[in-house]
Amino acid sequence: MSKSAASKLAETIRHATGCNVVECYQCGKCTAGCPMAKYMDLMPSQIMRQAQIGDDEATDRLLKSNAIWLCLGCLTCTQRCPQKLDPAAVIDALREMSNERGAVSAKQRKVLAFHKAFLKCVEETGRMGEVPLTSLYKMTSGDLFSDVLMAPLMLTRGKLPLVPKVIRGRKAVKRIFAACRKGGKP
Ligand code: SF4
Ligand code: SF4
């Protein structure tokens, strides 16, 4: 596919990630190495192909897929790509689009709640803290009681520090988040 034939979705992804999905030649190496591929409704190479097509139907399929929320961000796909493409970043961009457009499927709402809680913790403290993350997730997901019996054991083993640790450079982290929201540079 020539660069001029790139879909609007492909251009949006390129702007957000620097990854030009048009250059994917569908070798499937990303999918072959992905530990989550067998659980995904669209495998990484299929995600790249749908992003190349990028019409309304393909965009809808991508933004409503469970695959974009099952991705672990392990970067195996990105490391394996012979074209030096970055499927993991493409998936990250699709997650943001899916959230912004309210397209997240009902099945993935808890993953979305966790995703938001994780980002909020990092934005506020500069790192992930077990107690703030769990509290925020529980409040926003409605998933109040699962795993709750593990808490006493984790507390006694020092795995749940009650006072969250913060990093010294958290103002810089906040600036990064603010710049990302504006789509610019810190
Ligand atoms: S490994 Fe790279 S070129 Fe091959 S299918 Fe995946 S993204 Fe496309
Ligand atoms: S980053 Fe996501 S898509 Fe890529 S290999 Fe890991 S789980 Fe699979």
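The values are calculated or read from the model by the stated rules, or taken from the named source; none is laboratory data. Nothing here was measured: the structure is a model prediction, and the numbers come from that model. Note that we place each Cβ from the backbone using ideal geometry, even for glycine, and neighbour counts take in every protein chain shown.
Filter region 83-113 down to residues that are of a type in the set (S, T, N, Q) and modelled with pLDDT of 95 or more and give me whichever is farthest from ligand 1 (Cβ to nearest atom).
Residues of region 83-113 that are of a type in the set (S, T, N, Q), as a first pass: 83, 98-99, 105, 108.
Subsequent filtering for residues that are modelled with pLDDT of 95 or more retains 83, 98.
Details: GLN83: 4, SER98: 20 Å.
Looking at residues that are of a type in the set (S, T, N, Q) and modelled with pLDDT of 95 or more, I get SER98.
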(1) free of Cβ contacts under 8 Å to residues at least 12 places away in the same chain; (2) surrounded by fewer than 17 Cβ atoms within 10 Å (Cβ to Cβ) all hold for ALA37 apart from (2)
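Considering only region 17-34, state which residues are among the hydrophobic types (A, V, I, L, M, F, W, C) and away from ligand 2 (no atom under 16 Å from the Cβ). Before you say what the answer is, go through the steps one by one.
The initial filter retains those residues of region 17-34 that are among the hydrophobic types (A, V, I, L, M, F, W, C), namely 19, 21-22, 24, 27, 30, 32, 34.
Within region 17-34, VAL22 is the sole residue that qualifies.
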Tell me, which helices (runs of 4 or more DSSP H) wholly within region 75-186 include 3 or more residues that are loosely packed, with under 11 Cβ neighbours inside 10 Å? 150-156, 170-182
The condition from (1) in contact with an Asp or Glu (Cβ under 8 Å, 6 or more places away or on another chain); (2) within 16 Å of ligand 2 (Cβ to nearest atom); (3) closer than 28 Å to PHE177 by Cβ that LEU94 misses is numbered (1)
For ARG170, all conditions in the list (1) under 19 Å from the mean Cα position of the chain (by Cα); (2) farther than 26 Å from VAL22 by Cα hold save one; what is the number of the exception? (1)
So, ALA37, is that one near ligand 2 (Cβ under 9 Å from one of its atoms), outside the structural domain of ASP143 (by TED's automatic domain parsing), at pLDDT 95 or above and closer than 27 Å to GLY142 by Cβ or not? no
Is at least one residue of region 137-160 modelled with pLDDT of 80 or more and either of a type in the set (Phe, Trp, Tyr) or closer than 24 Å to HIS15 by Cα (or both)? yes
Do we find a residue being in contact (Cβ under 8 Å) with a residue 12 or more places away in the chain and within 16 Å of ligand 2 (Cβ to nearest atom) anywhere in region 132-142? no
Could you count how many residues in region 6-45 are within 14 Å of ligand 1 (Cβ to nearest atom) and either hydrophobic (A, V, I, L, M, F, W, C) or in a helix (DSSP H, G or I) (or both)? 22
In region 117-131, is there at least one residue being hydroxyl-bearing (Ser, Thr, Tyr) and either without any contact (Cβ under 8 Å) to a residue 12 or more places away in the chain or in the same structural domain as ILE13 (by TED's automatic domain parsing) (or both)? no
